[in-house]
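Each remark here refers to the structure printed beneath this line.
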Amino acid sequence: MVAAMSNSAAVTASTWITNFLERLPAPAGELEAVQWRGREALSRQPLPSRRQEDWRFTDLAPLTALAPVPSPSSAQVGWPAPATDVFRLWLDAPDDFLNGQSLPAGLSLLSSDEVQQALGHTLAACNCEQHWPVELNQASATRVLALRVSGAVAPTLELVSQAAEDGVMRPVRVLLLLEEKASLEVLQIQLGSGCSLSSLVMEAHLGRESKLRHGLLALGEGQACFLGHLAVEQEPRSQLESVWASHGWALSRFEPRVVQVDGEATTTLKALQLADGQQLVDTHSRVEFRGPEGQLDQLHKAIADDRGRSVFNGAVKVPRAAQRTNASQLSRNLLLSNQARIDTKPELEIVADDVRCAHGATVSRLQTDELFYLQSRGLSAAVAAGLLKRGFCEEVLRALPAAAAAWRPLQRMLGED
Amino acid sequence: MIRPEADTLLEIVDLQARVEDKPILKGVNLTIKAGEIHAVMGRNGSGKSTLSKVLAGHPAYTVTGGSVRYRGADLLDLEPEQRARLGLFLGFQYPVEIPGVSNLEFLRVSTNARRMEKGEEELDTFAFEDLVRERLQVVQMDPAFLERSVNEGFSGGEKKRNEILQMALLDPLVAILDETDSGLDIDALRIVAGGVNHLASPDNATLLITHYQRLLDVITPDYVHVMAGGRILRTGGKELALELEDRGYDWVDQELAVLEVA
Ligand SMILES: Nc1ncnc2c1ncn2[C@@H]1O[C@H](COP(=O)(O)OP(=O)(O)O)[C@@H](O)[C@H]1O
Ligand SMILES: [Mg+2]
């Protein structure tokens, strides 16, 4: 019986990928070769299954219920006007990304030769170039936003992708090369609704003493699914601060991976993920130190309500070469219903002996004493719970680039809009 | 101020309560009228905080007997937030820290909840800022505390001032202050006591829970109650507090022992 069931699941999965590949247009454009390779890989590689350790908690049923076809978009639904200090690019635009605009000082497009050379390099360095969600993106993305960053870029670069129509897939591919001492703030907005799939693969290479502030706001609705990979290579004395917030997707799987190639860099990661209804939100992060004196400060927060499910797996690798690494990882979770589930797991692999690595994980309910304190000041139980949830979220949300405020993340995440 | 004709605000009759399976309050009787200041004293563990939390409606405590009437209504029947909106205020012995929730926002929402109940209009952000700045002077508190998260990282004294600030904003009819004086240096004590005196009026009443005579040197109580073993063992005037200061609590323990044998 069990064998028969898993057999039929396997059949469905392989049919899904066959159908997906058949719906794709013929490979073309600057990423033609990458598309061929991605399709080739998908036709051989089975869909991730819960028998694999990395996918143990993550059922792909919401994804296989979709029949997505990559297509450019024709509309921007519900976008706020960009603020004055924001340079916005629409990643699903029917024409080219720039659409006549010129890039702000410090940003330039890579030539196609440079793209050929650099694309996939950081994915490989982070050991995720063959991950299934990456192959899915490579099989379908027809273009890449590839930018060189030199010096300090003044405006915030805002990259928006929206999948708002049933049956569409929006594969987004981004490549950023930060030269020595360059600095950039990027805000990525990923919106999904209806029966759609948003797929993101972003690579960033941070040269010595460069600085990247990165925010990702992934807001879904309904049956929409999100698959994302972020791969970052950091040279010594570079600084990465990446803040992401995810809410509302039927299925969201995000895999940020950071490699400090020679140590001595600073990595700050902050995340907030919310699951309610029957949603599943999953983050698998990995930070690897390949040299000494690297720093990591990671905070992962999650709220699971209703029958929602939150998964966090935080790998930190500190090999012998990474002496005097200072890493801390904290996972804080709020469980708001008896049927909700939270699985959180640090995965520390520490071989070096002279290191400081702290980690902690808490799963709790709203605290009775906090609720009572607010109620004793006249706030109803519901308003008190709302304030506490807001307080929990705000710690991460206020670390997003300032431009995120226009998208009203808190109101959307708490359903106040 | 004792006035026989004043309205009774709070009437506690034979109140019994337990936490989990442990009985703590074993028959408390206490009547508080408008204009009065009461002090409750007693050793650690005698049940003073439990009494205050039961009155405010903390869910950890179960009332197993007796009654509490607040301005004629059954207090124990009301949710904690309704009690607060109707003018019952508890200043916590250990004010709770709430990370991520702005103190200003919290004060505004709670003030408006009380105002609505009194039939007054809600204050918008600007009108509220004016009010809060005026009330800050009562406790001589730095406006910078408004921008922080509720009680987060406040020192003991700052938390207590924040409690009195809330009291000043909520304009309660019955204020229960649970050891608001402990952990305060003499200057902070004067400020807090000054705030309490400033807010006391013939229409409201205050119940001070304290260990120390020094608070009662600055706030003169009309009644002093001694609590032991979950009961009020004795009631007197302000001289009872001086007697406790003089003789200590040993005689209270002896009286309690006699009572518990009986
Ligand atoms: N939430 C609680 N859980 C367990 N025991 C409690 C709780 N609250 C109070 N108690 C117990 O009840 C008794 C009275 O405590 P409390 O009311 O705090 O006294 P006081 O304020 O007079 O020092 C003590 O023995 C205390 O340990
Ligand atoms: Mg106490």
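The values are calculated or read from the model by the stated rules, or taken from the named source; none is laboratory data. What you see is a predicted model, and the numbers here were worked out from it, not measured in a lab. Quick reminder, even Gly has a Cβ in these numbers, built from the backbone with ideal geometry, and neighbours come from all protein chains shown. Surface accessibility is based on the protein's heavy atoms, side chains included, excluding ligands, DNA and RNA. Shrake-Rupley method; radii C 1.70, N 1.55, O 1.52, S 1.80 Å.
Just to be sure before I move on: is A:L98 of a type outside the set (V, I, T), farther than 18 Å from A:G215 by Cβ and open to solvent by 20 Å² or more (accessible area, probe 1.4 Å) in the structure I sent? Judged against the criteria, A:L98 is a match. For beta carbons closer than 9 Å, sequence separation of 6+ or different chains, a first residue in region B:38-49 that is at positive phi and a second that is more than 9 Å from ligand 2 (Cβ to nearest atom) and among the aromatic types (F, W, Y), the qualifying pairs are B:G42/B:Y249. Can you say whether B:L25 is part of a strand (DSSP E or B) and either out of contact with any Pro (no Cβ under 7 Å at 6 or more places or on another chain) or within 16 Å of ligand 2 (Cβ to nearest atom) (or both), as far as the supplied structure shows? So B:L25 fits the description; yes. Might you check whether a residue that is within 22 Å of A:A385 (Cβ to Cβ), open to solvent by 10 Å² or more (accessible area, probe 1.4 Å) and within 14 Å of chain A (Cβ to nearest Cβ) occurs anywhere in region B:49-56? Scanning region B:49-56, I find at least one residue that is within 22 Å of A:A385 (Cβ to Cβ), open to solvent by 10 Å² or more (accessible area, probe 1.4 Å) and within 14 Å of chain A (Cβ to nearest Cβ), so the answer is yes.
Tell me whether region A:388-398 contains one or more residues that are in contact with a Phe, Trp or Tyr (Cβ under 9 Å, 6 or more places away or on another chain), within 13 Å of chain B (Cβ to nearest Cβ) and surrounded by fewer than 21 Cβ atoms within 10 Å (Cβ to Cβ). For region A:388-398, residues in contact with a Phe, Trp or Tyr (Cβ under 9 Å, 6 or more places away or on another chain), within 13 Å of chain B (Cβ to nearest Cβ) and surrounded by fewer than 21 Cβ atoms within 10 Å (Cβ to Cβ): absent.
With respect to the conditions (1) at pLDDT 95 or above; (2) open to solvent by 50 Å² or more (accessible area, probe 1.4 Å), B:L30 falls short on a single one, namely (2). Evaluated against (1) near ligand 1 (Cβ under 8 Å from one of its atoms); (2) out of contact with any His (no Cβ under 9 Å at 6 or more places or on another chain), B:Y70 falls short on exactly one condition, (1). Counting only residues that are open to solvent by 60 Å² or more (accessible area, probe 1.4 Å) and in contact (Cβ under 8 Å) with a residue 12 or more places away in the chain, which one in region B:64-81 is nearest to the other protein chains (Cβ to nearest Cβ)? Per the stated criteria, the residue is B:E79. Does region B:5-21 contain at least one residue that is hydroxyl-bearing (S, T, Y), touching a helix residue (DSSP H, G or I) at 6+ places or on another chain (Cβ under 6 Å) and over 15 Å from B:R231 (Cα atoms)? No, region B:5-21 has no match at all. So, in region B:21-41, how many residues would count as being out of contact with any Gly (no Cβ under 9 Å at 6 or more places or on another chain) and not hydrophobic (A, V, I, L, M, F, W, C)? The qualifying residues number 7.
In region A:262-281, what residues are assigned to a loop (DSSP other than H, G, I, E, B) and in contact with a Pro (Cβ under 8 Å, 6 or more places away or on another chain)? Those that are assigned to a loop (DSSP other than H, G, I, E, B) and in contact with a Pro (Cβ under 8 Å, 6 or more places away or on another chain): A:D262, A:G263, A:E264, A:A265. Residues of region A:14-33 include at least one that is polar (S, T, N, Q) and in contact (Cβ under 8 Å) with a residue 40 or more places away in the chain.
The condition of being closer than 27 Å to B:R133 by Cβ, without any contact (Cβ under 8 Å) to a residue 40 or more places away in the chain and hydrophobic (A, V, I, L, M, F, W, C) holds for only one of B:L177, B:L165, B:L170, B:L189, that being B:L189. Any residue that is within 13 Å of chain A (Cβ to nearest Cβ), in contact with a Leu (Cβ under 7 Å, 6 or more places away or on another chain) and open to solvent by less than 20 Å² (accessible area, probe 1.4 Å) - is there at least one of those in region B:117-137? No, because not a single residue in region B:117-137 is within 13 Å of chain A (Cβ to nearest Cβ), in contact with a Leu (Cβ under 7 Å, 6 or more places away or on another chain) and open to solvent by less than 20 Å² (accessible area, probe 1.4 Å). Looking across region B:89-115, the residues that are at the interface with chain A (Cβ under 9 Å from one of its Cβ atoms) and open to solvent by 10 Å² or more (accessible area, probe 1.4 Å) come down to B:F92, B:Y94, B:P95, B:V96, B:E97, B:P99, B:G100, B:S102, B:E105, B:V109, B:A113, B:R114.
Contact annotation: residue pairs with Cβ atoms under 9 Å, 6 or more positions apart or on different chains, pairing a residue in region B:92-104 that is under 23 Å from B:E134 (Cα atoms) and touching a residue at least 24 places away in the same chain (Cβ under 8 Å) with a partner that is among the hydroxyl-bearing types (S, T, Y) and in a strand (DSSP E or B), are B:V101/B:S149; B:S102/B:S149; B:N103/B:S149.
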